Amino acid sequence: MKWSDFESFVEGVLYDRDLSISARLFGLFLHPFSYLFWFIVRVRLSLYNRGIFLRKKELNALVIVVGNLTMGGTGKTPVVERLAKELQAKGKKVAVLSRGYKSKGDRTEESNFFFKKKVFEPPKVVSDGNQVLLESDEAGDEPFMLAHNLPGVLVLIDKDRVKAGMHAIDKLGAEVLILDDGFQYLPIKANMTLLLVDQMNPFGNHKLLPRGILREPVRNIARADYVLLTKSEIEPELELLETVRKYNQNAEIIRCRHKAQVFRQVNGSGEEKLNLLHEKYVGVFCGIASPRGFEQLIHRMSGELRYRKRFLDHHRYKKEELDKIFQRAKNAGSEVVITTEKDAVRIPVNYAPILPFYYLRMEIEIVEGFEDFEDAVDVLCSFPTKA
């Protein structure tokens, strides 16, 4: 079995997509390790809360955490983007801090035969607010997208976000720090925490890693100041609302959805309206944590979905496999091929497809909880920074 096949198998087990006997047996094998993971999470959180060995650092800026309890798929990047735009519109100098998941070129240690020593390196600046300085393979998918979509906003990546935050404040003049996927990052003291919950699949099978998709127990909703129910096109089930209120009586619950805006040409400058796919035969492919929602959306917008292909989250595409995708899509009768914006940044810049090729640009929209994002940001801006 290839490593990529094994990764796909494990993902099927975690999300309970694979119901085969082998998947069930592997799930049983993983189950005890979830208890070990739970213990480690609980001890770490307790040490930070009590300030024993591990302490939270206060930074001289407004710190907003955007994160979730589960692995991927809740739509953090559009929320971070919209939040940064609104804060910027209020005259704030905004910096987005990301871990830079699956970015390359990290060098944090030097080996000296018998031991390893730490080497200090400044954080990588993906965007200095004036220009994008790194490509997607070096920056990571989400930071690269944010840098391109947020002119004037700083984007930095580093596993040590205390270091990145201090650099953004001291060297680049940041007034507001947004921690992208920062709910589990405890070393920085936050002014406000926004927890995203995917309304379509809020907590997976309610099991922690490595048996489920939870990074923390559901009860840790208690740490959130705001709970954003994403993909909330319809009213949430009462059970979900009761679960949120069971563990958090005070958090404001905000419903939001991802709204399609426009089709943009991959590796090009062309744009098409949302009726592009009307009565057309369409092929789709993507490498995201929750592909079903994207595929269903494109299906509703098109005449017929003739071809679909899924890859693992953060998959980086090669010319040879893209050639196969487009040929198979064409053989299936597809007239156009669609992917996600997140996937589009992982397409080789010189790739020439045999069919029209677009990604769907999505933006976040508040459905309930505030009139709009501007009202929500007014509340955020009212929180004082620490001197």
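The values are calculated or read from the model by the stated rules, or taken from the named source; none is laboratory data. Computed from a predicted model, the values in this text were never measured in an experiment. Methodologically, a virtual Cβ is constructed for each residue, glycine included, from the backbone with ideal geometry; neighbour enumeration extends over all protein chains shown.
Things to note:
- Criterion applied to 27, 12, 73, 67 was being part of a helix (DSSP H, G or I) and within 23 Å of the chain's Cα centre (by Cα), and the one residue passing it is 12.
- Flag if residue 45 is part of a helix (DSSP H, G or I) and within 23 Å of the chain's Cα centre (by Cα): yes
- Pairing residues of segment 126-149 that are over 17 Å from residue 342 (Cα atoms) with residues that are charged (D, E, K, R), at Cβ distances under 9 Å and at least 6 apart in sequence or on separate chains, gives 129/93; 133/124.
- Residue check: residue 362 meets all listed conditions (1) free of Cβ contacts under 8 Å to residues at least 12 places away in the same chain; (2) in contact with a Pro (Cβ under 8 Å, 6 or more places away or on another chain) but one, namely (1).
- For segment 48-64, residues that are within 29 Å of residue 77 (Cα to Cα), part of a loop (DSSP other than H, G, I, E, B) and out of contact with any Asp or Glu (no Cβ under 8 Å at 6 or more places or on another chain) total 6.
- Every pair of residues 6+ apart whose Cβ atoms lie under 6 Å, when the first sits in segment 45-62 and is closer than 22 Å to residue 221 by Cα while the second is polar (S, T, N, Q): 62/191; 62/385
- For residue 298, the criteria (1) of a type in the set (Val, Ile, Thr); (2) in a loop (DSSP other than H, G, I, E, B); (3) within 12 Å of residue 338 (Cα to Cα) hold in every case but one, which is (2).
- Within segment 224-267, being within 20 Å of residue 192 (Cβ to Cβ) and in a strand (DSSP E or B) holds for 226, 227, 228, 229, 230, 252, 253, 254, 255, 256.
- Segment 190-216: number of residues that are part of a loop (DSSP other than H, G, I, E, B), touching a residue at least 24 places away in the same chain (Cβ under 8 Å) and not polar (S, T, N, Q): 13
- Scanning segment 33-52 finds no residues that are polar (S, T, N, Q), buried (at least 16 other Cβ atoms within 10 Å of the Cβ) and either within 26 Å of residue 381 (Cα to Cα) or touching a helix residue (DSSP H, G or I) at 6+ places or on another chain (Cβ under 9 Å) (or both).
- Among residues of segment 234-255, those that are in contact (Cβ under 8 Å) with a residue 60 or more places away in the chain and either over 26 Å from residue 189 (Cβ atoms) or outside the structural domain of residue 193 (by TED's automatic domain parsing) (or both), counted: 1
- The set of residues in segment 122-147 that are among the hydroxyl-bearing types (Ser, Thr, Tyr) and either under 17 Å from the mean Cα position of the chain (by Cα) or surrounded by fewer than 21 Cβ atoms within 10 Å (Cβ to Cβ) (or both) contains only 136.
- Residue 305 closer than 24 Å to residue 293 by Cβ, in a strand (DSSP E or B) and among the aliphatic types (A, V, I, L, M): yes
- Members of segment 328-357 found to be in contact with a helix residue (DSSP H, G or I) (Cβ under 7 Å, 6 or more places away or on another chain) and aromatic (Phe, Trp, Tyr), listed by number: 351
Here's the yes/no breakdown for (1) surrounded by 17 or more Cβ atoms within 10 Å (Cβ to Cβ); (2) of a type in the set (Val, Ile, Thr); (3) under 15 Å from the mean Cα position of the chain (by Cα):
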residue	(1), (2), (3)
183	yes, no, yes
191	yes, no, no
214	yes, no, yes
227	yes, yes, no
235	no, no, no
239	no, no, no
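- Some residue of segment 117-130 being farther than 24 Å from residue 287 by Cβ, at pLDDT below 95, part of a loop (DSSP other than H, G, I, E, B) and touching a strand residue (DSSP E or B) at 6+ places or on another chain (Cβ under 6 Å): yes
- The lone exception for residue 17 - which of (1) over 21 Å from the mean Cα position of the chain (by Cα); (2) in a loop (DSSP other than H, G, I, E, B) it fails: (1)
Quick grid of which residues meet (1) modelled with pLDDT of 95 or more; (2) surrounded by 13 or more Cβ atoms within 10 Å (Cβ to Cβ); (3) touching a Ser or Thr at 6+ places or on another chain (Cβ under 9 Å); (4) not β-branched (Val, Ile, Thr):
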position	(1), (2), (3), (4)
260	yes, yes, no, yes
269	no, no, no, yes
281	yes, yes, yes, yes
291	no, yes, yes, yes
302	yes, yes, no, yes
306	yes, yes, yes, yes
314	no, yes, no, yes
324	yes, no, no, yes
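- Whichever residue in segment 193-212 is among the aliphatic types (A, V, I, L, M), closer than 25 Å to residue 294 by Cβ and in contact with a strand residue (DSSP E or B) (Cβ under 8 Å, 6 or more places away or on another chain) and, among such residues, is surrounded by the fewest Cβ atoms within 10 Å (Cβ to Cβ): 195
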